[in-house]
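See below for the structure under consideration.
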Amino acid sequence: MATLSGKTLGKYQVFERIGRGGMADVYKGRHERLDRTVAIKVLHSHLAEGEDFLARFEREARAVASLRHPNIVQVYDFDREDEQMYMVMEYIGGGNLKDRLKKARADGNFLPLKEVQAILEQVAAALDTAHKEGMLHRDVKPANVMLDEEGHAYLADFGIARIVSTTQFTATGTLVGTPAYMSPEQGRGESLTPASDLYSLGIILYEMLTNTIPFDADTPLAIIHKQIHDPLPPARDLRADLPAAVEGMLEQALAKDASARFDSAAAMAEALHVALTSKGAPASPAQAPSEDMKATVVMQEVQPEDAKATVAMEENLGADLEAEPPLQLSATSEPVPEVELAEAQSSLLEKVSKLSPALIAGVVIIVLVAVAAATGLFSGGGGAGCDSVDSCLMLADQAEAEGRPEDAVAFLEAATSMVPEGEEPVFAEIWCRHGHVNLALDRPEEAIGSFERCIDWTHEEPGLEGVREEAERMIMDLRGD
């Protein structure tokens, strides 16, 4: 839709757009007579399909407006003007948790544990209130956790996923909800319970603790598959200062079986409190990580496919190397003296000489990848490139978070160049993202071209209607049709 900035919706003056998602655009606005600054969420018009949409919108909006809790974003009003349905909500001026996490990653820091605990407790209290009222959120994620200037957390967007739930696909071409934070049962399309929201809150907790989501992949369906089948990566492998008890509570929060999770969000928050105050908790949880820890996090965020494959190879080699001590490969921030390096190489060659030719090849690959990682070959800095779709997309994320849209464009283009022939539909959304970054760079013509490529790449595949509609809508907006 064309921007509503400078226009009026009902009693509300609309200012600048402050957010955009697959379901709605969000504007800052004002009710002049009440002298109240508000947030106005305008649903995308293509979602308002079906004879019962208006009734469903009003029913859910009324239910959300009835929720009262200090950590739930208050809904003041809802209405429609022409074909535009909108909700008017409390304005929270400190951004959201997604932005807070992006900044932490860009700075190379983890969120202080006290901050993590405070945010979880507040969001948990909001969820418990809604669950007691019989309402599920269905799309708990960092972008829906608003923060004020003092850092207090507020859960937003109750009911939005429910309002559009009869539409199978959102404007991003995925199931209603966000795959990275979606419970296994939601990914399977099953009926949901409060346990599904608790799983999503568990994903947020994992991300707040480690600066990364536990399950990620190139496509939404691949992420959902991991949510359903893959074991939880140990959080302490990503952040060494976490107490051991945190691992256990995360395992319960993110159990694949909904019945094995916590009984309530409050129980999850209490379990985190106990885990963080257990024996072995750091004396000063607000301390920033050491330089070595920062380097480790950055390497993990941009880990290329070859390095990921190496991890699996090391695990497979373990059974054949039981007689030998495990090879410890790590990248440090200090240079290795030449004498020590020569001794290490000699020792390694002596061990390798005892292996079969197949295992020798495997060890050589491991060593090469480790050397490349240690010398910074896979880092995003210094003009280094990326060697897989996955690593290019991660570097594009990093570039956007650091305010380098030109680099983000380059990484996205590199990603598209690596897509295997015939697999374009799976990666069509990369071109739509390319278009949005071009818009941020004030390149409307290039953006139109990107959205056209996005449409072309869908190959009119069933299930990608939402992607095509979103790209077509953006082209029409840009051309003023």
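Please treat every number below as a calculation from the coordinates, not as lab data. As the structure is a computational prediction, the values presented were derived from the model and not from experiment. Glycine also receives a Cβ, built like all others from the backbone with ideal geometry; neighbour counts cover every protein chain displayed.
Data overview
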item	result
Extended-chain gain in nm, criterion 0.36 nm per residue less alpha-carbon gap, Ala244 and Arg62	61.1 nm
Euclidean distance between Cα centres, the range 3-37 to the range 69-94, Å	10
Cα gyration tensor shape of the range 97-276, rounded if a/c is under 1.5, else prolate or oblate by comparing a/b with b/c	rounded
Rounded if a/c under 1.5, otherwise prolate or oblate - the range 8-90, Cα gyration tensor axes	oblate
Alpha carbon centroid spacing (whole Å) that separates the range 446-470 from the range 105-147	33
Residues His137, His459, His44, His225 arranged by fewest to most Cβ contacts within 10 Å	His459, His225, His44, His137
